[in-house]
Structures are given as structure tokens and as C-alpha cells.
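The values are calculated or read from the model by the stated rules, or taken from the named source; none is laboratory data. All of these numbers come straight from a predicted model, not from anything done at the bench. Methodologically, a virtual Cβ is constructed for each residue, glycine included, from the backbone with ideal geometry; neighbour enumeration extends over all protein chains shown. Each accessible area value is taken on the protein alone, full model and side chains, heavy atoms only, with ligands, DNA and RNA left out. Shrake-Rupley method; radii C 1.70, N 1.55, O 1.52, S 1.80 Å.
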Amino acid sequence: MTRLSRIAGLALLALTVALPARAESLADTMVAAYRHSALIEQNRAVLRAADEGVATSVAALRPVVEWVARQTAARDEGSTTSRSTSMSLAASLTLYDFGRSQLAIDGAKEQVLATRQALVSVEQDILLAATLAFFQVREAIQQVALQENSVEVLTSERQAAQDRFDVGEITVTDVALADAALAATRASLASANGDLEIARESYLASTGRQPVSLDAPPPLPSLPATLDEARRIAQTTHPAIGQSQRQAAAAEISVAAAAAERNPTLSGTASVGIARSPRAELGGDYGTGNSSSVGLELSQTLYSGGRLSASHRRAMAERDQARARLLNTARQISQQVGENWANIAVARAQITAIDQQISAAQQAYDGVREEALLGARTTLDVLDAEQSLLEARADRITAESNLQLAHYQLLAAMGLLTVENLNLGIPTYDPSQYYNAVRDAPTTSKQGESLDRVLRAIGRN
């Protein structure tokens, strides 16, 4: 049985080695980029820090308990030094601050929601960068193959020119023209190989691995029927607009919070303590006394040198800034949608025209070659026709890549280039998990143990 298992294992290994590696699809590239990105991890940490802002604001409504140990020494006129030791435990609690603390909590929550939208924007940027890297590598591979084919064709042309020169049909000038065209195409091939290496490095930076074999692009994603509909979707779903909206809401709350700083604050205090000090009636011996107190404190700032007024005016200015940022962001997103919509139309028109150009250039090239064999065309005519055909084919590759990329750029401009909308089928980061664990400001309790489990899970992911 062991021998049979070993034979089966060797057979499976041989089959695995014989099978070619599976081609990398565009979805595979996006998934790899999503999992590899350190920028996404960075912004997740930024979001967790914002979550802690809510916990900090909640903690302001809870008691503050402190212990104080004090050692004092005093000397009187008779150079007698007396020492005393005391220890106390004090607690204070804000009972009512006219909504100031609640406004701080509400503002922190808006910042959390804004930061969540910022994380979605970063995820879109990462997926779009991966898409760009994918199409750049594919385009570069196709350009290299085209230039290699051109080198082969021109090598044949150069040899044909040499043969015709040897029999006296053409001059050395024609051979030199063939040599020059072949050298230029070899230079273009070297440039194309350089572009391919650069595209591979971009792919490596995006995904963490080198591209081996890239699959054909998937069918083009479906788009809205009209530009106006695309703009409407973008205004409601783009994360940058959502982020600006939340920031504007937080700025409104900050104005109210700044105004509330002028209101009174009612606090409760309680303390217990023990003191040890010398008593004269005991002949220098130390006595111990206990103390306790409970109190209420109502305070309000009457004059702050203009600080509160300046803070209020600053909050209003920042609110105006947030409103203007929201308007500007909405206009920029609308512009991006329009530009990418136009890029799609341009790429489609280019492909249609280039297809006609390639057909005509191929026909012209074939005809010029035949005429050159009959002596009716020069070597330069053949080389020019071949160059025109080569340029048309290269333009076709670029236009096709631009058309594919423009579709995904439009999805990003509409706020739809996300893992969920693309159905990539991978688990995504749940921002509510950490928030729910910390929003009540847990310490060492069952909530704190739950938070520890969340942190360990984040670390494993």
C-alpha cells in the first residue's frame, strides 16, 4: 500500500510539473494587489485610530479616579522640622456640561465615517493601479511581439535587397536604406523590451509578484446608458464625495461644540484619605487621621482673553472650508466621469479607424512589394509601406488597451471599482468590527477581552 501511494504521489508530481502554469487573469491581479497593499493596511490603522477618538470622547463622561501620595516637610522658627505623610483616593465626574461632551462624541463618529470613506478611496486606487499594471504588461508584451515580427520581416527585406544588389538590380543605396530600417526597428524592439521591464516592475509593486502569463482581459464591464446617469451614480456612490460630506457634518458639529464651550460645567467630586503627622500633645509621636469628602462644583469661564471667541470663529471658518471642499470634490468627480466617458468614445472611434488603416496599409504593403519585384517601386517605397503598417498595428494595440483601461477608470470615477461591485470573491475588511469593540471605551473587562480577540484577528489578516 505504501509503495502504491508513493507511485501515485510521483505520478501526480510529474503531472503537476508537466502542466503549464495557470494564466493570471485581471481578477487575480486585483486580488493580489488588494492583499499585498501596505497602503491599505496603513489606512486601516488610520481608521482604527479614528475609532479610538470615539472611545476617548465617551470616556470624558465617565468618572476619573486618581490616587495621590504626598510627603511634606516643614521647619518652624525654632528650627524644628515636622514631617507628614498622606494618601488619598479621589474621584470626579462631569454631571452636566450642556451637551458639550455629546457633541464631541457626535463629531468623532462623523470623523470615523469620513475615514471609512477614505479607506474605500484608497482601495479603489489600489485596484485601479493593479488594472493599469495588468494592461500595461499586456500591451508591452504585444508591442514586443510586433517589433520582433517586424525585425524578422525587415531582415528578410534586407536579405532580398542584398540579393538584388548582387545581381545588379539595385544600388548600394537601397541596401543602406534596408540596413537603416532594420537598425531602427531593432532600436524600437529594444525600447519595447525596456517598456515591458518597466511594466513588470509596476506589476510587481502592485501585486508583490512578477507577471508570468497574463490571461486575455474579461468582457468589458457594463456601463450606464448615458453620461448623465453615470454622473448621477458618481455623486451618490463615490467615496471621496462621501468623505467630504462626513467632514462637512463634523465641521458643523465643531461649530456647535465651540459655542458650547461658554456654558457652565457641573461636576461631582468624592475623596477618601489617610494622613500621618506629628502631634505636640503626644510628645512628638505621630498621629493618624482619616478624611473623606463629597462635593458638587459648578464652574463657568467668564473671561478667557478672547480664546473662546477665536475658537468659535475658527470652527466657523473650518465649516466653510469643509462646505467648499465638498462642492469642489463633487465638481472634480463629475469632471473625471466626463473625461473617462469621452476617453471610451475616443478609443472606440480610434479602433474603428485604425482597423480601416491596417486593412489599407496591408493592401498597400502587399502591392508595393509586388511592384518592387517588377522594378516599378524602390526599396524605400517598400520600407515606407512596411513602416506605415507597423505603426498602424502598434496604434491598434495601444487603442485597445486604452479602451479596456478607460472602462475601469470610469468605474473608479463612479465609485464602483470595489471588491464587492467587481465580485472578486474575497473577504474584505469589516470596519465595524473594531469600532464596535472600542466605541464604549472598554478597559480590563469582558469588553476588553473581546477587543484583544479583534486585535489578534486583525494581526492574522
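Quick notes on this one:
- Rounded accessible area per residue of the chain, 1.4 Å, Å²: 58 Å²
- The angle between the Cα long axis of helix 26-36 and the main principal axis of the chain comes to about 30°, on a 0 to 90 degree scale.
- Each peptide in 52-61, 319-328 gets a packing score, the mean of other Cβ atoms within 10 Å over its residues, and the list from highest to lowest is 52-61, 319-328.
- Among beta bridges that DSSP assigns inside the chain, antiparallel share in %, nearest 5: 95 percent
- Karplus (6.51, -1.76, 1.60) ³J(HN,Hα), θ = phi - 60°, over the stretch 51-56, in Hz, Gly and Pro reported as x: 4, 5, x, 5, 4, 5
- Nonpolar atom fraction for the stretch 69-191, defined as the carbon and sulfur part of the 1.4 Å probe accessible area, stands at 54 percent.
- J(HN,Hα) series, the stretch 317-323, from Karplus relation 6.51 cos²θ - 1.76 cosθ + 1.60, nearest Hz, glycine and proline x: 5, 5, 5, 4, 4, 5, 5
- Solvent-accessible area, 1.4 Å probe, carbon plus sulfur percent, for the stretch 235-349: 51 percent
- Taking Cβ atoms as reference points and 11 Å as the exclusive limit, the residues near Ala324 contribute a net charge of +2, counting Lys and Arg as +1 and Asp and Glu as -1.
- Whole-Hz ³J(HN,Hα) from phi, Karplus 6.51 cos²θ - 1.76 cosθ + 1.60, for the stretch 410-418, glycine and proline x: 5, 4, 5, 5, 8, x, 10, 8, 10
- Percent of Cα-Cα distances greater than 42 Å, calculated over the chain: 50 percent
- Binning all Cα-Cα separations of the stretch 233-353 at 10 Å, short to long from zero, yields these whole-percent fractions: 11, 18, 15, 14, 13, 10, 8, 5, 3, 2, 1, 0.
- MRE, 222 nm, helices only [DSSP H, n ≥ 4, -39500 (n - 2.57), over the chain, to nearest 500]: -24500 deg cm²/dmol
- Mean Cβ neighbour count within 10 Å, used as a protection proxy, ranking 62-70, 349-357 highest first: 349-357, 62-70
- Residues within the reach of a label modelled at Asp125 (point 7 angstrom out along Cα to beta-carbon, backbone nitrogen below 18 Å), restricted to the stretch 328-355, are 329-330, 332-334, 336-337.
- Among Val120, Val167, the order of accessible area from largest down is Val167, Val120, computed with a 1.4 Å probe on protein heavy atoms.
- When the surface is traced with a 1.4 Å probe over the full set of protein chains, Asp195 keeps roughly 90 Å² accessible.
- By accessible area with a 1.4 Å probe, ligands and nucleic acids excluded, highest first: order of Ile233, Ile141: Ile141, Ile233
- Ranked from largest to smallest solvent-accessible area, with a 1.4 Å probe on the protein heavy atoms, Asp215, Asp166, Asp51 come out as Asp166, Asp215, Asp51.
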